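These notes are about the structure you will find just below.
The values are calculated or read from the model by the stated rules, or taken from the named source; none is laboratory data. Just so you know, these numbers come straight off a predicted model, no measurement behind them. For neighbour counting, all protein chains shown are included, and Cβ atoms are generated from backbone atoms with ideal geometry for every residue, glycine included. The accessibility values were calculated without ligands, DNA or RNA, using every heavy atom of the protein model including side chains. Shrake-Rupley method; radii C 1.70, N 1.55, O 1.52, S 1.80 Å.
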Amino acid sequence: MENYNSLVSKQRQFFHTGKTRDIDFRISALRRLREAIISNERKIIDALKTDLNKSEFEAYSTEIGFVLAEIRFTLRHLKRWVKPQRVKTPLTHLGSSSYIYPEPYGVALIISPWNYPFQLMIAPLIGAIAAGNCAVLKPSEFAPQTSAVLEQLVTGLYPEEYIAVVQGGVETSQALLREKFDKIFFTGSVSVGKIVMEAAARNLTPVTLELGGKCPCIVHEDANIKVAAKRIAWGKFINAGQTCIAPDYVYLHREIREEFLCELCRAIRSLCGESPLNNPDYTRIISQKHFDRLRAFLSEGEILIGGESDRERLVIEPTVLTGITWADSIMRDEIFGPILPVLDYSDISEVIEGIHNHPHPLALYLFTESSSIRKKVLNDISFGGGCINDTIYHITSPYLPFGGVGSSGIGKYHGKSSFDAFSHKKSVLKQTSRFDIPLRYPNTKNGLKMIKFFLR
Ligand code: NAD
């Protein structure tokens, strides 16, 4: 049986030397990471092409460029983030001052999925390094080329007692989860998220769980139809729909049904070409299992556009299905592929009720020009994050914490939130010893009276 006890002990020992806490050490680690990513750009792009047939454009914009921007942002702000933060002190604590010290948890475990195999490993790693942790990285076994490049890159940069890469499948993950880590950061499916949290609970290890689910995309009757169609087609079919925050389905207002569907078809053709299966840059489905699961959905509702597939090359055309209801099996779980079902509605209350009957979405998108509809949806529906009049774009802002709620996840990251995800906030009260207010002592004259006055 695989055993990672000695690796974790080695990292914990290294952590206790205090080296990783040093701010210059962290900055240097991040700078070297950035340089290595830049000099290995070609290798990363080629690996993503082999694993998923990702185009260079997508590989750069959604994986490489994304993490370079995160590193740049972190380097720009890190010196400020690591400083103890002075906060207010109540009057009752006269003579004292209060501080919050961010400190690294220690040894972190990061487990990532295959759909953005580079970005989803490096982005949390940036947070782990910035916060001063050691880390064990377990990339996805389903993107083997990218995982190999990741390992090569990371082992070339850092000693194993600081950052280590462990390759392997489910058994490897399970073996790692038997160890005691100080923080676990997991990105993947809801079902595995539960396994991870159970394992973490045995050691009371804090977790960040970046999970999935069905992300609704509402197109209201007053939406800018052309813009909505373009942005939804882009958000859905990027990475062939294998994006945790891709619009899973469209809730479409009946008044604009024909016009929107017509624009959507136009947008898809313009984005993916007349014959997407022959487009050399069209991302493939990760495995036969997922291909077969997705293809089974093509018999539901009516195909408006697409519907063709090639099992040999694991590609499925961008497909829109109309006449879908919650009773169809495509509406049961996250689709995670290039198939977009469309549900119709007449009143926004139907949409809210439909979403309330299902787990909290990781993302929600609303296309409308009406502030009352916007307010209603934002007020009535709980979801991880999202956009008004756009899709996906909220994930690209370092100022917006990214993560789910309910079964779509626990915790947030990106920008400062990545630093926070890997930091414990140590609250410290610095008290004076020059005088001693007697309030707390039960033998003080009128002590209870005074306590009652202050603690109302
Ligand atoms: P997955 O949950 O199957 O696997 C993720 C990781 O967990 C892999 O490294 C895998 O080796 C490991 N793993 C698998 N089974 C395990 C088990 N029984 N015990 C311990 N570890 C195990 O997910 P996936 O198929 O790689 O990725 C797709 C899922 O990830 C989708 O549900 C998607 O929504 C979600 N996702 C979420 C985000 C986000 O940021 N919230 C981003 C990308 C993907």
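From the list 191, 173, the lone residue that is closer than 29 Å to residue 326 by Cα and either open to solvent by less than 20 Å² (accessible area, probe 1.4 Å) or modelled with pLDDT of 95 or more (or both) is 191. Scanning segment 208-226 for residues that are in contact with a helix residue (DSSP H, G or I) (Cβ under 6 Å, 6 or more places away or on another chain), within 13 Å of the ligand (Cβ to nearest atom) and open to solvent by 10 Å² or more (accessible area, probe 1.4 Å) yields 211, 213. Here is the figure for segment 100-110: residues that are part of a loop (DSSP other than H, G, I, E, B) and in contact with a strand residue (DSSP E or B) (Cβ under 6 Å, 6 or more places away or on another chain) total 1.
When residue 236 is tested against (1) outside the structural domain of residue 341 (by TED's automatic domain parsing); (2) within 16 Å of the ligand (Cβ to nearest atom); (3) out of contact with any Phe, Trp or Tyr (no Cβ under 7 Å at 6 or more places or on another chain), exactly one condition is not met: (1). Looking at this structure, is residue 341 closer than 22 Å to residue 240 by Cα and either part of a loop (DSSP other than H, G, I, E, B) or open to solvent by 70 Å² or more (accessible area, probe 1.4 Å) (or both)? No, not satisfied. Tell me yes or no: at least one residue of segment 377-393 is among the polar types (S, T, N, Q), part of a loop (DSSP other than H, G, I, E, B), open to solvent by less than 30 Å² (accessible area, probe 1.4 Å) and farther than 29 Å from residue 205 by Cα. Checked against the condition, which is being among the polar types (S, T, N, Q), part of a loop (DSSP other than H, G, I, E, B), open to solvent by less than 30 Å² (accessible area, probe 1.4 Å) and farther than 29 Å from residue 205 by Cα, segment 377-393 yields at least one hit.
Among residues of segment 194-207 being surrounded by 16 or more Cβ atoms within 10 Å (Cβ to Cβ) and of a type in the set (Gly, Ala, Ser), the one that is farthest from the ligand (Cβ to nearest atom) is 200.
Kindly indicate the residue of segment 319-338 that is without any contact (Cβ under 8 Å) to a residue 24 or more places away in the chain and over 21 Å from residue 269 (Cβ atoms) and also least open to solvent (accessible area, probe 1.4 Å) among those meeting that condition. Among those residues, the one meeting the criterion is 323.
Looking across segment 238-266, just one residue is free of Cβ contacts under 8 Å to residues at least 40 places away in the same chain and either crowded, with 19+ Cβ neighbours inside 10 Å or of a type in the set (Phe, Trp, Tyr) (or both), and that is 263.
Can you find a residue in segment 127-140 that is out of contact with any strand residue (DSSP E or B) (no Cβ under 7 Å at 6 or more places or on another chain), closer than 25 Å to residue 81 by Cα, of a type in the set (Val, Ile, Thr) and at pLDDT 95 or above? Yes, there is a match, as at least one residue in segment 127-140 is out of contact with any strand residue (DSSP E or B) (no Cβ under 7 Å at 6 or more places or on another chain), closer than 25 Å to residue 81 by Cα, of a type in the set (Val, Ile, Thr) and at pLDDT 95 or above. Taking (1) more than 16 Å from the ligand (Cβ to nearest atom); (2) touching a strand residue (DSSP E or B) at 6+ places or on another chain (Cβ under 8 Å); (3) of a type outside the set (S, T, N, Q); (4) open to solvent by less than 30 Å² (accessible area, probe 1.4 Å) in turn, residue 229 satisfies each apart from (2).
Based on this model, can you work out whether residue 311 counts as surrounded by fewer than 14 Cβ atoms within 10 Å (Cβ to Cβ), within 16 Å of the ligand (Cβ to nearest atom) and of a type in the set (D, E, K, R)? No, not satisfied. Among the residues of segment 134-144, those identified as open to solvent by less than 10 Å² (accessible area, probe 1.4 Å) and within 16 Å of the ligand (Cβ to nearest atom) are 135, 136, 137, 138, 139, 140, 143.
Scanning segment 407-422 for residues that are open to solvent by less than 10 Å² (accessible area, probe 1.4 Å), part of a loop (DSSP other than H, G, I, E, B) and within 11 Å of the ligand (Cβ to nearest atom) yields a single hit, 414. Scan segment 63-99 for residues that are open to solvent by less than 70 Å² (accessible area, probe 1.4 Å) and assigned to a strand (DSSP E or B) and the total you get is 4.
Table: residues versus (1) free of Cβ contacts under 8 Å to residues at least 40 places away in the same chain; (2) more than 14 Å from residue 335 (Cβ to Cβ).
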site	(1), (2)
276	no, yes
282	no, yes
285	no, no
289	yes, yes
294	no, no
299	yes, yes
304	no, yes
309	yes, yes
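State whether one or more residues within segment 9-18 are open to solvent by 40 Å² or more (accessible area, probe 1.4 Å), over 22 Å from residue 413 (Cα atoms) and of a type in the set (A, V, I, L, M, F, W, C). No, the conditions are met nowhere in segment 9-18. Taken over segment 145-191, residues that are within 12 Å of the ligand (Cβ to nearest atom), outside any helix (DSSP H, G or I) and closer than 30 Å to residue 358 by Cα amount to 6. I need the full set of residues from segment 62-82 which are polar (S, T, N, Q) and over 16 Å from the mean Cα position of the chain (by Cα), in order please. 74 - this is the single residue of segment 62-82 that is polar (S, T, N, Q) and over 16 Å from the mean Cα position of the chain (by Cα). Within segment 207-218, none of the residues are in a helix (DSSP H, G or I), at pLDDT 95 or above and not aromatic (Phe, Trp, Tyr). Restricted to segment 100-121, and to residues there that are open to solvent by less than 20 Å² (accessible area, probe 1.4 Å) and of a type in the set (Val, Ile, Thr), the residue that is farthest from residue 437 (Cα to Cα) is 111.
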